[in-house]
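Student: Quick one: this structure, given as structure tokens, is what I'll be asking you about.
The values are calculated or read from the model by the stated rules, or taken from the named source; none is laboratory data. These numbers were taken from a predicted model, which means no experiment stands behind them. Note that each Cβ is placed from the backbone with ideal geometry, even for glycine, and that neighbours are counted across all protein chains shown. Keep in mind that these areas ignore ligands, DNA and RNA; they rest on the heavy atoms of the full protein, side chains included. Shrake-Rupley method; radii C 1.70, N 1.55, O 1.52, S 1.80 Å.
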Amino acid sequence: MKVLVIGGGGREHAIIKKLKQNKRISNIYAAPGNGGISKDAECVNIGACDIDKMVKFCVERQIDLAVVAPDDPLVLGMVDALNEQGIKTFGPNKAAAILEGSKVFSKDLMQKYQIPTAKYAVFSHADEAISYILEQNTYPTVIKADGLALGKGVIIAENYDQACYAVNSIMNDKMFGESGNQIVVEEFLTGPEVSVLSFCDGKTIVPMISSMDHKRALNGDKGLNTGGMGTIAPNPYYTKEVAKECMETIFVPTMEAMNQEGRTFQGCIFFGLMITPNGPKVIEYNCRFGDPETQVVLPLLKTDLLDIFEAINQQRLGELSIEFEENRFAACVIAASSGYPQSYPKGIEIHGLDEDGQLEQAVIYHAGTALEDGVFQTSGGRVLGVTQTGDTLQQALEKAYHAIKEIQFDGMQYRTDIGKRALEK
């Protein structure tokens with residue numbers, strides 16, 4: 001089989017490394033891939049959102065399965081374009097990808113089908129949003145851009161001035177472009193956050209092992225929101241009781257709601273959850289594997305990933321038994337560029353990795369790297385994900401932190417408290 005993985009980050013590297021374990025796959029391509037991915041797949045210089053070129057490549061190379069990993073091409077309808085040419089895919093079509101593509105759609109869906117989430121209101125004009133915030137007068141308050149914003153389209157305002165600034169920045173100054181034409185203002189929920197990725201074929205939904213992301217740039221959950229500075233799995237706050245409640249009140253109802261709307265979802269639904277004093281509630285949906293959650297979830301997956309992708313494609317997920325490593329833990333620490341998540345330099349040489357971009361004592365998932373004349377360089381904000389597994393979370397974290405100390409590049413930053421909350425549970 002020939003498989004194409006679309007995207008070029010740490011999530012895609014984790015998917016590719018997992019797919020490589022299947023002997024039926026003869027060729028793995030990545031478009032566009034990155035420096036580290038080039039050691040595990042043949043990288044093709046096509047942008048992840050270039051639908052026409054991607055379709056042409058798949059037809060010419062007779063690709064058997066295209067895995068559309070990032071949100072942008074999914075929301076743009078890449079799956080639809082590939083399917084029209086008879087190319088099998090993993091990922092939701094455009095109609096289903098709206099679950100992530102529009103915060104307004106997803107909030108309205110939850111309200112309509114009584115799926116637990118935060119109270120909210122939708123606005124198309126900044127002055128109306130500001131009047132509503134003033135009237136509510138409860139802080140913190142959460143302000144979200146409707147569309148995609150690289151995982152950064154959420155601002156938590158601690159007071160009225162911050163809220164006004166956020167609304168104006170998103171709606172009038174267009175800090176997230178057209179994604180900010182509408183906004184959602186919602187109540188601030190409290191409790192432990194849990195990420196649950198789930199395989200879904202429209203008939204069956206199978207949650208994967210839970211994880212805990214760390215979104216803020218600095219230790220102690222301080223600093224700016226990022227795409228994620230590290231993650232651990234499983235999440236200790238996601239107990240069997242919570243899992244059962246989520247299945248009954250959130251996971252299955254979401255799949256069924258999408259079916260009712262004529263938007264059958266086939267792919268991976270990411271549930272961003274808050275375990276509130278009033279039970280689990282949905283903070284957000286994503287229509288794809290999370291990053292960096294994938295880097296701790298897939299290392300613990302025992303069932304073959306290609307078999308799962310094919311079962312979803314054929315709507316026979318219910319026939320498959322999906323297993324994860326029991327009593328094993330995984331931790332991923334992100335090494336990021338200086339200045340991330342704002343502006344940062346590129347092209348800085350990375351020291352400490354072997355010729356394959358790896359380390360003996362950990363799995364290195366490349367997120368933002370380039371390979372120039374045999375030398376790995378930085379090419380993104382999040383550069384590397386250093387991942388380890390262990391019999392305890394403490395062991396997995398110690399091994400990951402021991403490994404990250406072997407890597408150096410100018411301005412490298414990482415959090416030193418990944419998993420701390422989970423260890424204190």
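Student: Per-residue HN-Hα couplings for region 21-36, Karplus 6.51 cos²θ - 1.76 cosθ + 1.60 at θ = phi - 60°, whole Hz, x for Gly and Pro?
Tutor: Those phi angles translate into 6, 8, 6, 6, 8, 8, 9, 10, 10, 10, 10, x, x, 7, x, x Hz.
Student: How large is ³J(HN,Hα) for each residue in region 77-83, as worked out from phi by the Karplus curve 6.51 cos²θ - 1.76 cosθ + 1.60 (θ = phi - 60°), to whole Hz, x for Gly and Pro?
Tutor: Here the 3J(HN,Hα) series is x, 5, 4, 4, 5, 5, 4 Hz.
Student: To continue, here is another question. Work the Kirkwood hydrodynamic radius out for region 1-147: mean of 1/r over every pair of different alpha-carbon atoms, inverted, in Å.
Tutor: In region 1-147 this quantity evaluates to 17.5 Å.
Student: Classify region 114-171 as rounded, prolate or oblate from the Cα gyration tensor: take a ≥ b ≥ c as the square roots of its eigenvalues, call it rounded if a/c is under 1.5, otherwise prolate when a/b beats b/c and oblate if not.
Tutor: Rounded, since a/c falls under 1.5.
Student: Step through the residues of region 144-154 one at a time and calculate ³J(HN,Hα) from phi using the Karplus curve (6.51 cos²θ - 1.76 cosθ + 1.60, θ = phi - 60°), rounding each to whole Hz and writing x for Gly and Pro.
Tutor: Ordered by residue, 3J(HN,Hα) equals 10, 5, 5, x, 5, 8, 6, x, 10, x, 10 Hz.
Student: Which shape class applies to region 1-73: rounded if a/c is under 1.5, otherwise prolate when a/b exceeds b/c and oblate if not, where a ≥ b ≥ c are the square roots of the Cα gyration tensor eigenvalues? Present the calculation step by step, with values, prior to reporting the outcome.
Tutor: Numbers: a/c = 1.68, a/b = 1.14, b/c = 1.47.
In terms of gyration-tensor shape, oblate.
Student: Separate question: What pairs from Lys17/Lys103; Lys23/Lys215; Lys88/Lys144; Lys23/Lys281; Lys215/Lys302; Lys174/Lys244 go past 30 Å between their alpha carbons?
Tutor: Correct reply: Lys17/Lys103; Lys23/Lys215; Lys88/Lys144; Lys23/Lys281; Lys174/Lys244.
Student: Could you please report the charge total around Gly228, scoring K, R as +1 and D, E as -1 over all other residues with beta-carbon less than 12 angstrom from its beta-carbon?
Tutor: In short, +2.
Student: I'd like the antiparallel share, as a percent to the nearest 5, of DSSP beta bridges with both residues in the chain.
Tutor: Of all bridge pairs located within the chain, approximately 80 percent are antiparallel.
Student: Around Pro192, what is the net charge, scoring Lys/Arg as +1 and Asp/Glu as -1 over all other residues with Cβ under 9 Å from its Cβ?
Tutor: Working: positive: Arg421, Lys425; negative: Glu193.
Every neighbour counted, the sum reads +1.
Student: Using a 1.4 angstrom probe on the protein heavy atoms only, line up Leu189, Leu224 by accessible area, largest first.
Tutor: Solvent-accessible surface, decreasing: Leu224, Leu189.
Student: Can you tell me, using C-alpha contacts under 8 Å and at least 6 residues apart, the relative contact order of the chain as a whole percent? Write out the running numbers ahead of the final one.
Tutor: Details: 999 pairs, mean separation 70.7, N = 425.
In percent, rounded to a whole number, it is 17.
Student: Continuing with the same structure: I'd like the carbon and sulfur percentage of the solvent accessible area for the chain, probe radius 1.4 Å, heavy atoms only, ligands and nucleic acids excluded.
Tutor: In the chain, the share of accessible area belonging to carbon and sulfur is 45 percent.
Student: With a cut-off of 8 Å between alpha carbons and a minimum separation of six or more residues, what is the relative contact order of region 96-230 in percent?
Tutor: On the way: 216 pairs, mean separation 29.4, N = 135.
Over region 96-230, the number comes to 22 percent.
Student: Identify the trypsin sites (Lys or Arg not before Pro) of region 66-122 meeting these criteria: DSSP loop state and at most 15 other C-beta atoms within 10 Å of the C-beta.
Tutor: Details: sites: Lys88, Lys94, Lys103, Lys107, Lys112, Lys119; in loops: Lys88, Lys119.
For trypsin sites (Lys or Arg not before Pro) across region 66-122 that sit outside H, G, I, E and B with at most 15 neighbouring Cβ atoms in 10 Å, the list reads Lys119.
Student: Follow-up. Could you tell me what fraction of 2.2 N^0.38 Å the Cα radius of gyration of region 161-244 comes to, as a two-decimal ratio?
Tutor: For region 161-244, the normalised Cα radius of gyration is 1.43.
Student: Add +1 for every Lys or Arg and -1 for every Asp or Glu among the other residues with Cβ under 10 Å from the Cβ of Gly318, and state the total. Intermediate results must be reported in sequence, preceding the final value.
Tutor: On the way: positive: Lys203, Arg316; negative: Asp201, Glu319.
In short, 0.
Student: When a/c is below 1.5 the answer is rounded, else prolate if a/b is larger than b/c, else oblate, so apply that to the chain with a ≥ b ≥ c taken from the square roots of the Cα gyration tensor eigenvalues. Don't jump to the answer; show the numbers that get you there.
Tutor: On the way: a/c = 1.36, a/b = 1.19, b/c = 1.15.
Because its axes are fairly even, with a/c under 1.5, the chain counts as rounded.
Student: For a quick check, take a GNM of the chain with Cα springs below 10 Å and name the residue from Asn225, Asn278, Asn22 with the largest mean-square fluctuation.
Tutor: Comparing Asn225, Asn278, Asn22 in a Gaussian network model of the chain, the most mobile one is Asn278.
Student: Right, next: Please list the non-local residues whose amide H lies under 5 Å from the amide H of Asn235, H modeled 1.01 Å from N, same-chain partners needing a gap of 5 or more.
Tutor: Ser210, Ser211
Student: Over the chain, give the accessible area per residue in Å² for a 1.4 Å probe, as an integer.
Tutor: Result: 42 Å² per residue.
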